[in-house]
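A short reminder: the numbers here are calculations on the coordinates, not readings from a lab. Just so we're clear, the structure is a prediction, and the values are computed from it rather than from any experiment. Positions of Cβ are generated from backbone atoms using ideal geometry, with glycine treated the same way; all protein chains shown enter the neighbour counts.
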Amino acid sequence: MLCRKAGLASRRVEVKGTTGAADAVILTRNEVLAAQAGPGAAALAVVHGIALTDDRIKADGGLLKVISPWQPDGRSLTPIAYRYQLPPQ
């Protein structure tokens, strides 16, 4: 999400939600690259502790944790998936 306010620099905000604690979130490669491309121009907003109701169709509550400015670096990132190109047959 791109946020703008008159007289201030634009800020790209990545928003994540979880039913668990605010200790880790899953980020895509592009989300990380976008945040790293503009040092100081990104923020991470995590809504955590969300309650799911009505057979997991409706979300309710939650607490907001904001990291701003947000600059993800290698020390805080853990690879959890790889794309493997199959060899031709």
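Applying the selection to the range 62-74, what residues are surrounded by fewer than 10 Cβ atoms within 10 Å (Cβ to Cβ) and outside any loop (DSSP other than H, G, I, E, B)? Working first, answer last.
The initial filter retains those residues of the range 62-74 that are surrounded by fewer than 10 Cβ atoms within 10 Å (Cβ to Cβ), namely 73-74.
Residue satisfying the conditions is G74 alone.
Working only within the range 5-31, note down all residues that are over 25 Å from G62 (Cβ atoms) and free of Cβ contacts under 8 Å to residues at least 12 places away in the same chain. Walk me through how you get there before you give the answer.
Filtering the range 5-31 for residues over 25 Å from G62 (Cβ atoms) gives 6-10, 29.
The answer is A6, G7, L8, R29.
Right, L52: within 22 Å of S10 (Cβ to Cβ), of a type outside the set (F, W, Y) and part of a strand (DSSP E or B) or not? Walk me through how you get there before you give the answer.
On the way: within 22 Å of S10 (Cβ to Cβ): no; of a type outside the set (F, W, Y): yes; part of a strand (DSSP E or B): yes.
Considered against the rule, which asks whether it is within 22 Å of S10 (Cβ to Cβ), of a type outside the set (F, W, Y) and part of a strand (DSSP E or B), L52 comes out as no.
Find all pairs meeting these conditions: Cβ atoms under 8 angstrom apart; at least six residues apart or on different chains; first residue within the range 75-87 and assigned to a loop (DSSP other than H, G, I, E, B); second residue surrounded by 10 or more Cβ atoms within 10 Å (Cβ to Cβ).
Correct list of pairs: L77/L27; L77/V32.
Picking from A81, A35, which residue would you name as being among the aliphatic types (A, V, I, L, M) and touching a Lys or Arg at 6+ places or on another chain (Cβ under 9 Å)?
Values: A81 fails: touching a Lys or Arg at 6+ places or on another chain (Cβ under 9 Å).
That would be A35, the only listed residue that is among the aliphatic types (A, V, I, L, M) and touching a Lys or Arg at 6+ places or on another chain (Cβ under 9 Å).
Report yes if some residue within the range 6-20 is among the hydrophobic types (A, V, I, L, M, F, W, C) and outside any loop (DSSP other than H, G, I, E, B); otherwise report no.
Step one: list which residues in the range 6-20 are among the hydrophobic types (A, V, I, L, M, F, W, C), which gives 6, 8-9, 13, 15.
Now drop any that are not outside any loop (DSSP other than H, G, I, E, B), which leaves 13, 15.
Yes, because at least one residue in the range 6-20 is among the hydrophobic types (A, V, I, L, M, F, W, C) and outside any loop (DSSP other than H, G, I, E, B).
Please go through the range 27-51 and pick out each residue that is touching a helix residue (DSSP H, G or I) at 6+ places or on another chain (Cβ under 9 Å) and either of a type outside the set (G, A, S) or on the phi > 0 side of the Ramachandran plot (or both).
L27, L44, listed by residue number.
Hey, could you check the range 1-38 for residues that are surrounded by 13 or more Cβ atoms within 10 Å (Cβ to Cβ) and of a type in the set (D, E) and say which is farthest from T53 (Cα to Cα)?
Selected residue: E31.
Is it the case, given these coordinates, that A34 is free of Cβ contacts under 8 Å to residues at least 12 places away in the same chain and either in a strand (DSSP E or B) or not acidic (D, E) (or both)?
Numbers: free of Cβ contacts under 8 Å to residues at least 12 places away in the same chain: no; either in a strand (DSSP E or B) or not acidic (D, E) (or both): yes.
Answer is no for this residue.
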